[in-house]
Each structure stands twice: as structure tokens, then as C-alpha cells.
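This report refers to the structure that appears directly beneath it.
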Amino acid sequence: MIVLGIETSCDETGVGLVQDGRLIDHVVAKQDIHSQYGGVVPELASRQHIKKIYPALDTLLNRTGITLEEIEGIAITRGPGLIGPLMVGSLFGRGLAVALQKPIVNVNHLFGHIVSVFFADKRLDFPFIVLLASGGHTMLILYWDTFKPEVLGETLDDAAGEAFDKAAVLLGLPYPGGPHIDRLAKQGNPEKYPLPKPQIPGFNFSYSGLKTAFRYLVEDITRQGLDKLEAEKPHLAAAIQKAIIDHLFDKIEAAVEKYGLKRVAIVGGVAANSYFRQRLMEKELQEGWETAAPPLPLCVDNGAMIAMAGWLKLKNGITSPLDESPTPRLPLNEFL
Amino acid sequence: MEVFEINREEELDQLAKYILLNYPDRQVFALYGPLGAGKTTFIKYLSKQLGVVDSVKSPTYTLANVYKTYQNEKIYHLDLFRIKESVEWLDIGVDDYIEDPNAVIFVEWPEKIRDLLPPDRTLMIHINPDPDTQKRKIVILLPDEQENHT
């Protein structure tokens, strides 16, 4: 069964094709217009989605040689996300479903990220621990079975990806900041500027205190001159990166210990961070964890993960009514 | 205008209660302050006093979070950090949130939509962190006092 997935919850226009649980191909049309505004502007985002969604699908079909008639189901993101962009993808997908007379299936964006782990080379046995970390979300999940993700904890304030982006702003780096910090940190010493560890009980996360501490640190160094700041930037990037990732690992390790599970997957945009992946690999080599992460292009928002989630649902006989609308507020446990 | 000195985060609980009791006609709360000042944190305490059942998180990436109180009232939490002033904000739909008469609205980085804030329903909250002591000075202003203040 070939399933088309459409993802438009934020700034990425993504379309992807999955056949029987395997990726065929996918296209993400980046909305470069946002970097000149320093972020995502929803109305512009909606307009860009309208402009890009058909060319993206066209590119995907041309590249794979698959025709619309061969598609057996269409999966769309229902939420959470920005209502304008969600509406574009949802209506495009539903229109296509009506025209092709194929079933439509609504997908929770967060569930899409979770099942992106099935694109990894390694297949982990259920149950396993999933850490989802992106610009908008940070959650620790105990993944019992395909449709049984149990949320153990989530961020109480900022998401991990947002912490990267805001740290980048403080360092005067361009948006989005995550990849810039990743690159800069490679030349820095993470131990030069120790940052406070967030002290949050249980499996929840918090990044607001760390953000504030980093702000004071950067201001302190800026007072010593802009040359000094420029020279220290790699060390500062390395320090904040380590602090953000350490906090994620603290919670992952706590879950590994509590549930006696050494199977861990990371998903979401932050899972593309090279230091994060390297630390995970060390766990595998040194402590015998089994780990998995999606290929880099499938960590950020994409249509393939929605296609994967849609395929899983359709395979289990789950479809959605055509009049089911997108919704900006959609907790994982309320709609899978 | 009122000025408060905050030494510990827990004191925000009392301040949130005080503000909601003393400014009952205010429905749009505009929070000013630099990155890491504690805007989202203070909104957490205000939301708690209003009876929000959802967890309050930074909407920087999601732009707008919608929460419900236990009485099923709507709370909008807007974050305009990623919007530049040069953008025509009317196109963005922010006004739809702010004009909703049945909701409480929190706005972070409101300086970007100065003209959209309704003068008769807005309360301005400035959070100023002291870089040396890390204490916070919180200044509360009505919109007409704001003009004299800045």
C-alpha cells in the first residue's frame, strides 16, 4: 500500500510517500522567506504553503515515477500547529482524497515524529524510550506499542530546539540557530563556561532558567568587549549545547534506570544535532544501549513521517471523516 | 503605576493574585522584558490564578498557545518574538485573538503590535532583571501611563 503524507503544521511544506512502512521518497520545500523576518510568520507561512504544496507534490511524483492513481491513502497533519498552515495542507489533502476517491486519515503531528523512528536503520523491540525534541516540543515517551505512546514527561516552559534558537539569538547567530550552534561548538571547549543544571523532578524538562543563565553569561562577556565575545563564541556555543543535551540525557537515563530498558530512540529536529547523536552512540558502545534515530532529513518536520503514521493507521483500518478539521491545540493523548 | 521588587520566583504567586484582584477590567496582559526576564514564568503564575488546567509553555515556536481553565474559559498566550515590526501584523491575524471579548490574552513581546492593544482593556507589565543581583523589578502600567513612562 502506497500512502501520501502531507505536513504543513509550521514553516515546512512537506510531502512524502511510504510503501508498506518503507520510505519511497519525500520533498521538503523550505520556507526561506522566514529567515529575513527572523522567524515564522504564520500568514506568510500559509501563503507560502499554498504556493509550494503543489510544486512539492509534483516534484515528488516526477522523481519517483509514481502516479496519483497508485496512491491508496492520503495522510494529513491535523495539529498541533498554526491554524492557517494546517488548513492549507488539510484542505489540499482532502481535496485530493475526494478527487481520487481514496481514504483520508488525520495524523497528530507529534505521533508523526514518534513513528519517524521506524525510518531508522535499526528496529527496536517494543517497549522502548523515545525522546522527542524539536523547536516546539520536548517530550519523553515510553513507547509500549504502535498506538500506545505513554508521555512520561514534557517541557514545563521552553522546548529544547527553542533553547538552541534563543541561545543563537543571544550570540548574534542567524535563524534558525540550532545548526549554527552545532557547527560553532565543534571548535569550542564545553567545560570553559559551566552552566547550571536545571533541577526539575521526575521526567519533565525546563529550559527557561538555563536560557536566563546563558543570557547573563553572554552579557558578562560582552562587557569585556565585542572582540572578546567573538573569540569566546565557540566556547559559549559548546557550553550551551552541552547543557541542553545533558538535560535531555539526564531524563533519558532516569527512564532507562526506572524501567530497566536500554532501548532508546531520539526523534525531532534536535535529533539532527551531531553532538546529541554522538553522545547516544557512546551509550551504545559503552553501556550496551540499543539506540535508533531517523536519518537526518527525517528529523525535522517532513511529509514522510505523516505518511508513515497514516500507513500505520490505514493498515489497522483507521480512516478519518472528510469533515474533520485541523486544530491548533492537539495533545498526543487526545488524538493519535 | 505600581512597582514591585521580586526576590524569589515564588513571590510571583502573590503578585499574580494581587494584579488579577486589583485590575478586574483588564483582559489583555502585555508583558515586556528582555530574553530570559521571566515573561513566560510570570504568565504561568497568572494562569494558575485563573484556573488554567493545561500546562503553560513558551509559544515562541508555535506563536499562539490556547489554554482552557477548569471553567472552560479560553486563554490565549501569544509570543511575537519571531515577528519583526516591519511585517504587516494585521495580516497575521493577531488582532483576531486580541479582539476576542471572551478570552484572557497574554502577549509576550507586545512592543511589536503597540497600536493593536486596546487602551481600555490592556495592562502593561514590565519585567526588568537586575544584571548584578538577578532580582526582578516589575512595573505595572495602564496604557495612558505607558506614554508618560517611555
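Only the coordinates and a few stated rules stand behind these numbers; no lab work does. These numbers were taken from a predicted model, which means no experiment stands behind them. Ideal geometry is used to build each Cβ from the backbone, glycine not excepted, and the neighbour counts take in all protein chains shown.
Below are the figures for this structure:
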read-out: Taking region B:2-143 and dividing mean pair separation by its residue count, relative contact order in percent (alpha carbons under 8 Å, at least six apart); value: 34 percent
read-out: Nearest-ten-degree value, helix A:208-222 long axis tilted from longest Cα axis of chain A; value: 50 degrees
read-out: For B:52-61, mean number of other protein chain Cβ atoms within 10 Å; value: 6
read-out: Scattering profile of the protein assembly as shown at q = 0.05 Å⁻¹ [log10 I(q)/I(0), Debye over alpha-carbon scatterers]; value: -0.19
read-out: For chain A, the longest site-free run once trypsin sites (Lys or Arg not before Pro) in DSSP loop states with at most 15 other Cβ atoms within 10 Å are removed; value: A:224-336
read-out: Rounded to 10°, Cα long-axis angle of helix A:274-287 versus longest principal axis of chain A; value: 90 degrees
read-out: Nearest-ten-degree value, helix A:83-100 long axis tilted from longest Cα axis of chain A; value: 30 degrees
read-out: DSSP bridge pairs, region B:2-143: antiparallel proportion in percent, nearest 5; value: 55 percent
read-out: Footprinting exposure proxy for A:137, A:113 (fewest neighbouring C-beta atoms within 10 Å first); value: A:137, A:113
read-out: Quarter of Cα convex hull surface for region A:207-336, i.e. mean projection, nm²; value: 12.1 nm²
read-out: Cα lying deepest toward the dipole's positive end in the protein assembly as shown, options A:194, B:75, A:252, charges on Cβ; value: A:252
read-out: Listed residues A:275, A:127, A:221: farthest to the positive end of the dipole of chain A (Cβ charges); value: A:221
read-out: Per-pair calculated FRET efficiency, R0 = 60 Å: residue B:22 and residue A:296 via Cβ, rounded to 0.05; value: 0.70
read-out: Cα centroid separation - region A:153-223 against region B:58-72, whole Å; value: 23 Å
read-out: Antiparallel DSSP beta bridges within the protein assembly as shown, as percent of all bridges there, nearest 5; value: 55 percent
read-out: Over chain B: helical MRE at 222 nm, DSSP H runs n ≥ 4 each giving -39500 (n - 2.57), nearest 500; value: -7000 deg cm²/dmol
read-out: Average partner coverage of A:83-91, which counts Cβ from other chains inside 10 Å; value: 1
read-out: Long pairs among B:17/B:137; B:74/B:112; A:148/B:74; A:211/A:258, criterion Cα-Cα beyond 20 Å; value: B:74/B:112; A:148/B:74; A:211/A:258
read-out: Label-to-label distance, nm, for residues given as residue A:274 and residue B:132 (7 Å Cα→Cβ offset); value: 4.3 nm
read-out: Debye, to nearest 20: dipole size of region A:86-169, +1 on Lys, Arg Cβ, -1 on Asp, Glu Cβ; value: 480 debye
read-out: Length added when fully stretched, residue A:322-residue A:219, from 0.36 nm per residue minus Cα-Cα; value: 31.8 nm
read-out: Cβ-defined net charge surrounding residue A:173, 10 Å radius [Lys, Arg +1; Asp, Glu -1]; value: +1
read-out: Average beta carbon contacts from partner chains per residue of A:155-167, 10 Å cutoff; value: 4
read-out: Within chain A: Cβ-based charge dipole about Cα centre, in debye rounded to nearest 20 (Lys, Arg +1; Asp, Glu -1); value: 160 debye
read-out: Extension gain, residue A:58 back to residue A:315 (0.36 nm per residue minus Cα-Cα distance, nm); value: 90.0 nm
read-out: Loop-exposed GluC sites (Glu not before Pro) per DSSP, neighbour cap 16 Cβ within 10 angstrom, longest uninterrupted part of chain B; value: B:11-72
read-out: Label-to-label distance, nm, for residues given as residue A:192 and residue A:253 (7 Å Cα→Cβ offset); value: 2.5 nm
read-out: Residue A:148-residue A:69 pseudo-label distance in nm [points 7 Å out on the Cα-to-Cβ vector]; value: 4.3 nm
read-out: D (Stokes-Einstein, µm²/s), Kirkwood Cα radius, region B:2-143, 1.567 mPa s at 4 °C; value: 85 µm²/s
read-out: Per-residue [θ]222 nm for chain A (sum of -39500 (n - 2.57) over DSSP H runs n ≥ 4, rounded to 500); value: -14000 deg cm²/dmol
read-out: A:305, B:1, A:139 arranged by Cβ crowding within 10 Å, fewest neighbours leading; value: B:1, A:139, A:305
read-out: Leading residue at positive end of dipole, region B:2-143 (Cβ point charges), from B:60, B:7, B:109; value: B:7
